[in-house]
1. Filter segment 123-148 down to residues that are in a helix (DSSP H, G or I) and touching an Asp or Glu at 6+ places or on another chain (Cβ under 8 Å) and give me whichever is most open to solvent (accessible area, probe 1.4 Å).
2. Can you find a residue in segment 103-116 that is open to solvent by 50 Å² or more (accessible area, probe 1.4 Å), at pLDDT 80 or above and of a type in the set (D, E, K, R)?
3. Would you please name the residue that is most open to solvent (accessible area, probe 1.4 Å), looking only at residues in segment 12-61 that are among the basic types (Lys, Arg), closer than 17 Å to Phe119 by Cβ and at pLDDT 80 or above?
4. Ala151 is checked against (1) open to solvent by 10 Å² or more (accessible area, probe 1.4 Å); (2) of a type in the set (A, V, I, L, M); (3) within 13 Å of the chain's Cα centre (by Cα) and fails just one. What number does that condition carry?
Amino acid sequence: MRDVEHYSGFEVVRAAMEVEKNGHRFYSTMAQRATSELARELFSWLAQDEVEHLRRLQAIENRFKDGAFFDGDEELLPYLRRFADSEIFPSAERLEAVLQQAESEGAAMALAIAAEDRFAAYFAKAAEHARDPDGRSAFEWLAGEERRHAALLRERQARLGKS
């Protein structure tokens with residue numbers, strides 16, 4: 001991929017699409033490996049929700065093919081650089097290492113919460129800089145969805161801890 005200095009709105013959407021695909025992989029794996037029905041249902045639902053987010057991003061992708069949609073690139077570029085250099089959802093190898101732990105479901109939920117928080121921040125930053133009202137609305141919706149995922153994971157994590 002080109003240097004981050006040249007990221008366009010299209011590339012930001014494409015990066016988000018890849019993260020949603022990784023989220024689907026992560027949650028699908030967790031659903032298959034979950035030991036409690038509560039966790040299995042939660043992870044299955046989250047996997048499907050990531051597919052819905054991907055569809056939403058695909059629907060807005062074409063709007064950004066013709067040019068950038070961000071104001072203040074000098075403010076956004078350092079953020080995109082940090083995003084590009086980090087991994088939102090854990091790699092398959094890291095997930096496998098977590099799943100080998102005695103408290104794997106709790107550890108996986110903690111990873112998922114951190115990932116959802118990071119992705120919510122990413123979408124919120126994209127929304128702040130979106131010039132197109134429809135793009136801004138889509139990114140705000142996606143940021144809210146990721147915050148909702150994190151809250152749901154926190155609630156379920158607390159319930160699993162009490163059982």
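1. Of the residues in segment 123-148, the ones in a helix (DSSP H, G or I) are 123-129, 133-148.
Subsequent filtering for residues that are touching an Asp or Glu at 6+ places or on another chain (Cβ under 8 Å) retains 123-124, 127, 129, 145-147.
Working: Phe123: 0, Ala124: 32, Ala127: 7, His129: 15, Glu145: 26, Glu146: 0, Arg147: 130 Å².
By that ranking, first place goes to Arg147.
2. no
3. Kept after step one, since they are among the basic types (Lys, Arg), are these residues of segment 12-61: 14, 21, 25, 33, 40, 55-56.
Then keep just the ones that are closer than 17 Å to Phe119 by Cβ; that gives 14, 21, 25, 55-56.
Next cut, at pLDDT 80 or above only: 21, 25, 55-56.
Details: Lys21: 85, Arg25: 78, Arg55: 136, Arg56: 77 Å².
That would be Arg55.
4. So the condition that Ala151 fails would be (3).
The values are calculated or read from the model by the stated rules, or taken from the named source; none is laboratory data. Since this is a predicted model, take the numbers as computed values, not measurements. All Cβ positions, even for glycine, are placed from backbone atoms using ideal geometry, and neighbour counts span all protein chains on display. Heavy atoms of the whole protein, side chains included, go into the accessibility calculation; ligands, DNA and RNA do not. Shrake-Rupley method; radii C 1.70, N 1.55, O 1.52, S 1.80 Å.
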